[in-house]
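Participant: Handing you a structure now.
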Amino acid sequence: MDEIKMMKSEERNRIVKSQLKVGLIGCGAILQRRHLPEYLAHKDVVIVAVCDPNLERAQEVARQFGIPNAYETHLQLLQSGGIDAVSVCTPNHLHSSVSIEAMELGLHVLVEKPMATSLKEAEAMIRTAKEQNVFLMVGHNQRFMPAHSKAKDILQSGKLGKVLSFSTTFAHSGPEHWSIDGKNSWFFNQEHAFSGALGDLGIHKADLIHWLLEDSITEVTAFCSTLHKPTNVDDHSMILLKTANGTVGSLTASWTNYANEINATILYCEKGTLKIGTDDRFGVIVEYSDGMRDYHEVGALQTNKAGEQHNSGVIHHFVNGILSGNGHEITGVDGYRALQTILAGMESQNLKKVVAIPELAVIN
């Protein structure tokens, strides 16, 4: 049996070296505005099928973009054959089950964030990817933004010394202004979303801080509120974080910034301050303790505003990681770490106390 699995895996790897055949699961805003156009722009991708519980929506997407097959359920898509990889763009509560079903059929998976709604689900996803010898990537797109890449280069150069504290914010006016379903979006339903702004936006920043600092978050204190939306999930959350190396900072995630969108991070270091996304022209600004400044014009951070849906880099990285066999920088373990932080924040709010995050154990 193991030999048969190995043969199937080797055969699959030979197939995808030249071209990747992709199925897209869930035809909401994230697929239509990010995944779909970026797959279409990649010369080594063929989109074989799309699916959505709203079959008319799936059929319209297929018709508009010349995709040969449209299905109502993900099982129909997965069992149709001729697919090497899938994007999972479903409501959050389905991320884990759909991804596992795909991987059990030998398909590579790109799953939107949060990768799951519990650590148990996330562990099962990581374990399945290992057992099936397939790639599992989580769509934390902040890492690929040029401003964040430049900021990490500066940090790694050592010119600013150790990061002592930080402030990071991701905030906009809410899913009703960009989701295809508007005010009826599943984002406002706790059963489907499990978390509001914290799980939607805050999880991006949790991953970003871990990646920039190359340091694990060990303690969380949170204030999660529903300030303005008619929903049972948080629309504004602030969490305080402490890392293993003693860095402390704040993370704000909000759906109540109605005038503008904010995607910004400030790192306060031993030898100066690193500002990311605070200026419309200069994506990265370095302010040194001696008064000198460096301005880096690396482009504005990607936003959800109309006309600003730039190439996120996620699809390019996912496809090339499979075709090359080299895998991905954002793995299931990275998605697990970010999810740990968000779940700790939710627990902190519920218990009204500081929550410790245990060291990540090896998932077998």
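The values are calculated or read from the model by the stated rules, or taken from the named source; none is laboratory data. Keep in mind that this is a model prediction, so the values were computed, not measured. Don't worry about glycine lacking a Cβ; one is built from the backbone with ideal geometry, like all the others, and counts go over all protein chains shown. Only protein heavy atoms, including side chains, enter the accessible area calculation; ligands, DNA and RNA are left aside. Shrake-Rupley method; radii C 1.70, N 1.55, O 1.52, S 1.80 Å.
Participant: Which count do you get for residues in region 310-358 that are over 19 Å from Gly202 (Cα atoms) and polar (S, T, N, Q)?
Facilitator: Within region 310-358, residues that are over 19 Å from Gly202 (Cα atoms) and polar (S, T, N, Q) number 4.
Participant: Another question about this same structure. Could you check region 1-47 and list, in sequence order, the residues that are under 15 Å from Leu110 (Cβ atoms), at pLDDT below 90 and touching a Gly at 6+ places or on another chain (Cβ under 8 Å)?
Facilitator: none
Participant: Scan Tyr295, Tyr258 and give me the residue that is among the hydroxyl-bearing types (Ser, Thr, Tyr), assigned to a strand (DSSP E or B), out of contact with any Cys (no Cβ under 8 Å at 6 or more places or on another chain) and open to solvent by 40 Å² or more (accessible area, probe 1.4 Å).
Facilitator: Tyr295
Participant: Can you tell me which of (1) closer than 23 Å to Ala338 by Cα; (2) in contact (Cβ under 8 Å) with a residue 60 or more places away in the chain is the one His42 doesn't meet?
Facilitator: So His42 meets the others, but not (1).
Participant: Evaluate region 151-166: report whether one residue or more is assigned to a strand (DSSP E or B), open to solvent by 20 Å² or more (accessible area, probe 1.4 Å), at pLDDT 95 or above and touching a strand residue (DSSP E or B) at 6+ places or on another chain (Cβ under 8 Å).
Facilitator: yes
Participant: Looking at this structure, is Pro53 more than 25 Å from Val134 (Cα to Cα), of a type outside the set (Phe, Trp, Tyr), open to solvent by 10 Å² or more (accessible area, probe 1.4 Å) and under 23 Å from the mean Cα position of the chain (by Cα)?
Facilitator: Criteria met by Pro53.
Participant: Restricting attention to region 204-246, and to residues there that are β-branched (Val, Ile, Thr) and outside any strand (DSSP E or B), which single residue is nearest to Gly158 (Cα to Cα)?
Facilitator: Ile209
Listed here are the residues, each with its yes/no results for (1) open to solvent by less than 40 Å² (accessible area, probe 1.4 Å); (2) within 21 Å of His108 (Cα to Cα).
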position	(1), (2)
Ser312	yes, yes
Val333	no, yes
Arg337	no, yes
Thr341	yes, no
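Participant: Tell me, please, whether a residue that is farther than 25 Å from Gln190 by Cα and of a type outside the set (A, V, I, L, M, F, W, C) can be found in region 224-241.
Facilitator: no
Participant: Now for a different question. Between a first residue in region 155-177 that is on the phi > 0 side of the Ramachandran plot and a second residue that is part of a loop (DSSP other than H, G, I, E, B), which pairs have beta carbons less than 7 Å apart while being 6 or more apart in sequence or on different chains?
Facilitator: Gly161/Glu270; Gly161/Lys271; Gly174/Lys229; Gly174/Asp235; Gly174/Trp255
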